[in-house]
Amino acid sequence: MTKPPTVVDLTWLGDLRFAGNGHKASLTLDSAGLAGPSPVQALGFALAGCMTTDVAHILTKGRHPFRALRSRLVADRSQEEPHRFVRMTLHVTVEGAVPADAVERAIALSREKYCSVWHSMRQDIEFTTTHDIHP
């Protein structure tokens, strides 16, 4: 089955702010990161969201219930134009009696197979994943 194209419309609001509308979602992009995320922050949200969603889905399908799931992405940017991501660390925190190998497998599957955001980015970005579990 072919995935339909992703369509996003942006409308200039003034300064460097844009209203973004997708199929059923909307947000404001703001270069200053005040009225909404900057485009680069939105990319960070997209990557962390994609991988954390995958982890939740994989753990649930594997019958590893958790009470809470959080992630934090720290991304370093190039000092030269374009100020792209050059190094990233995604830390996943799981609360619940989930085996460490199940969390490691879920993160690895997301990164290696499922996360379309990661696979849409440059693969020369240094990307580290870590996790901790609080039973």
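The values are calculated or read from the model by the stated rules, or taken from the named source; none is laboratory data. Nothing here was measured: the structure is a model prediction, and the numbers come from that model. Because the Cβ atoms are built from the backbone with ideal geometry, glycine has one as well, and the counts that use them run over all protein chains shown. SASA here: full protein model, heavy atoms, side chains in, ligands and nucleic acids out. Shrake-Rupley method; radii C 1.70, N 1.55, O 1.52, S 1.80 Å.
Values computed for the structure shown
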| item | result |
| --- | --- |
| Condition met for SER38 (more than 14 Å from the chain's Cα centre (by Cα), within 24 Å of GLY20 (Cα to Cα) and among the small types (Gly, Ala, Ser)) | yes |
| Residue list for segment 6-42, restricted to those being of a type in the set (D, E, K, R) and open to solvent by 90 Å² or more (accessible area, probe 1.4 Å) | ASP9, ASP15, LYS24 |
| Close pairs (8 angstrom Cβ cut-off, 6 or more residues apart or separate chains): without any contact (Cβ under 8 Å) to a residue 12 or more places away in the chain in segment 27-48, open to solvent by 70 Å² or more (accessible area, probe 1.4 Å) and of a type outside the set (A, V, I, L, M, F, W, C) anywhere | GLY33/GLN41 |
| Condition met for PHE85 (open to solvent by less than 60 Å² (accessible area, probe 1.4 Å) and among the aromatic types (Phe, Trp, Tyr)) | yes |
| Qualifying position, being crowded, with 17+ Cβ neighbours inside 10 Å and either in contact with a Pro (Cβ under 9 Å, 6 or more places away or on another chain) or not β-branched (Val, Ile, Thr) (or both), among ALA75, ALA108, ALA97 | ALA75 |
| Residue match in segment 47-55 (condition: within 24 Å of ARG17 (Cβ to Cβ), open to solvent by less than 30 Å² (accessible area, probe 1.4 Å), in contact with a strand residue (DSSP E or B) (Cβ under 7 Å, 6 or more places away or on another chain) and not acidic (Asp, Glu)) | yes |
